[in-house]
Every structure is written in structure tokens, then in C-alpha cells.
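Contents: one structure, followed by commentary.
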Amino acid sequence: MTHIPAPRTRSTVAEDATTLRSLYEAPEVLRVVNVWDAVSARVVAELPGTRAIATAGHGIAASHGYADGEQIPLHLMLEAVGRIVSATDLPVSADLDGGFGDAGETVRRAIGVGVSGANIEDQLRPLAESAKLVADVVKAGEREGVSFALNARTDAFVRGGDRPLDDIIADAIERGRAYLDAGATCVFVPGILDADVTRRLVEGIGVRKISVIGLPGALSAAEYESLGVARVSYGPMPQNVALTALKKLGTSLLADGVIPSDTEMLNNF
């Protein structure tokens, strides 16, 4: 029989936020396999090692026919996230891009659909503006009675351009410290980070205080864990892998292939 998750109450969301924050602080790195709809959330949630669900903003936008970068209307994003929340009992952290113009209000609405944490990008806005955005998100959670688990993202690396690496690292550290001071739970530093760069970021921002993305060419989750990283996510890559598999299958079927015999029936709603 398919398990039907209970609806999220404000009390449940508050408990989820506490759980999510504790997962960031735990010695074991939090691995989150990003999802983009209810069925992908259900599949990932049923895996034995899954302790929390994280959405991929890029993946949700793409599944609705929009480009990444807040091109999808906020109400569609939140509707999709709400369906993901309804598919699992686990805490859900949502990718909310840059906050859709009003990060505090966006988080208030996200809490309303059951979200207990989020990634929000600084997009390399001026530091004071970015720190205020973080503070606004934290205050929005407090007004809702939720100690919201904000994974504050700095784009120091992905928008770093041709700046010297030392300058990029220094910028990420300065921003990360400011976001933690403003109440963020963790600092997300996307980019392909080698061991030396990761070590410097952890030393500068804090042990179990940074989050990274597992892209091709990155370290393994176990290696990041040994360096003191709190969380590893995979962004749009799980969806890309799924779509690659679909493309390969479609090519085979159109060439008179057959469905592989080891295919599982996973869409168990």
C-alpha cells in the first residue's frame, strides 16, 4: 500500500526546520539528491539514505517550460514545491533562486506550503544588500514560528569572472561570515571546488557551515565530509541524468528496441 504523508501543519514545519538545521550540524555530511516534481521526490524519499529532500529550481522551471533564473512565475514554483512537500514526510528545502524580488515574502509563502528551509542566491549583489536579504528571510521565518534553515548561496565562484582565485575565495568567506551573522544556517558556495579551496573556505567560514554542489569533476561526498562540509547537493544534474536515460531509451524504442526487463514500476501514486 502506498504511504500517504500527513499534511504539514505550522508545528510540523517548525519541527522539520529544527531537524534540517540539526542535519547541517551533524558530523556526517548531508547528501541531498535534488528533485523537481512529486514523483521524483517520492522515488528519492524512499531511498534508505535519504534524510531530507531538496528541490532543484532549474529542474522545476524546466519541467514547466521555463528557463532558469526566476523566469518561472513564483506561484507556479510554489505550487510545484507544495506538491513535492505533499509527496514525503521528510523535511523539504526549496531552491528559491534570488528570492523573486521579495525574499521575506517568498519564504513566508514557502513556509505556507510546508517548506522548512531554502537556498537563496546573493547573485553578487552588494554585501550589505545581500546580508539584509538573509536577515529578512530569517525574520520572516520567526514571524511564522519557524527557525527557517536558510542555506544562503553566494555566487562568488559562479559569477567570479576572471578575478584571481584568492580574491574569489576572500569574497566568498567575507560574504559567508556576513550571512551567518545575519542568521543563515549554512552558506552554499557552488562551483567545482578542489580539496585546497574547500579547506580554505571551511577554515574561513566554519566547520559544518558550508554547502557545496557535486558536479562532474568535483570531490566525492565522503571527501567533502572529511574536509568539514555540511551538505552536498546536485542541482539540476539528477534531472539531466534522468533525461539522458529517457533520450537513450527513446532512441532505442524508435529503432525497434524494447523496454529493458529490469525496469521498475516506480510511479507508485
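Taking each residue of region 102-122 that is without any contact (Cβ under 8 Å) to a residue 60 or more places away in the chain and more than 17 Å from residue 84 (Cβ to Cβ) and looking for partners that are among the small types (Gly, Ala, Ser) and assigned to a loop (DSSP other than H, G, I, E, B) with beta-carbon atoms closer than 6 Å, six or more apart or interchain, yields 120/99; 121/98. Just one of the listed residues (82, 104, 114) is more than 16 Å from residue 179 (Cβ to Cβ), small (Gly, Ala, Ser) and not in a loop (DSSP other than H, G, I, E, B), namely 82.
Results for (1) among the polar types (S, T, N, Q); (2) under 27 Å from residue 26 (Cβ atoms), shown as yes or no for each residue.
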{"residue": "49", "(1), (2)": "no, yes"}
{"residue": "53", "(1), (2)": "no, yes"}
{"residue": "62", "(1), (2)": "no, no"}
{"residue": "68", "(1), (2)": "no, no"}
{"residue": "78", "(1), (2)": "no, no"}
{"residue": "93", "(1), (2)": "yes, yes"}
{"residue": "105", "(1), (2)": "no, no"}
{"residue": "115", "(1), (2)": "no, yes"}
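Among the conditions (1) more than 23 Å from residue 208 (Cβ to Cβ); (2) modelled with pLDDT of 95 or more; (3) among the β-branched types (Val, Ile, Thr), the only one that residue 107 does not satisfy is (1). Scan region 155-172 and give yes if some residue there is charged (D, E, K, R) and either in a strand (DSSP E or B) or under 30 Å from residue 5 (Cα atoms) (or both), otherwise no. Looking through region 155-172, none of the residues is charged (D, E, K, R) and either in a strand (DSSP E or B) or under 30 Å from residue 5 (Cα atoms) (or both).
Taken together, the residues in region 59-77 that are crowded, with 20+ Cβ neighbours inside 10 Å and either in a helix (DSSP H, G or I) or modelled with pLDDT under 95 (or both) amount to 4. Checked against the criteria, residue 115 counts as at pLDDT 95 or above and within 22 Å of residue 213 (Cα to Cα).
Looking only at region 106-134, residues that are over 18 Å from residue 235 (Cα atoms), among the charged types (D, E, K, R) and in contact with a helix residue (DSSP H, G or I) (Cβ under 7 Å, 6 or more places away or on another chain) come to 2 in all.
Test of understanding: among 243, 227, 254, which residue is without any contact (Cβ under 8 Å) to a residue 40 or more places away in the chain and crowded, with 19+ Cβ neighbours inside 10 Å? Going through 243, 227, 254 in turn, the sole match is 227. Residue 88 meets the conditions (1) surrounded by 20 or more Cβ atoms within 10 Å (Cβ to Cβ); (2) more than 20 Å from residue 23 (Cα to Cα) in every case but one. The failed one is (2).
The values are calculated or read from the model by the stated rules, or taken from the named source; none is laboratory data. All values reported here derive from a predicted model rather than from experimental measurement. Virtual Cβ from ideal backbone geometry, glycine too; neighbours counted across all protein chains shown.
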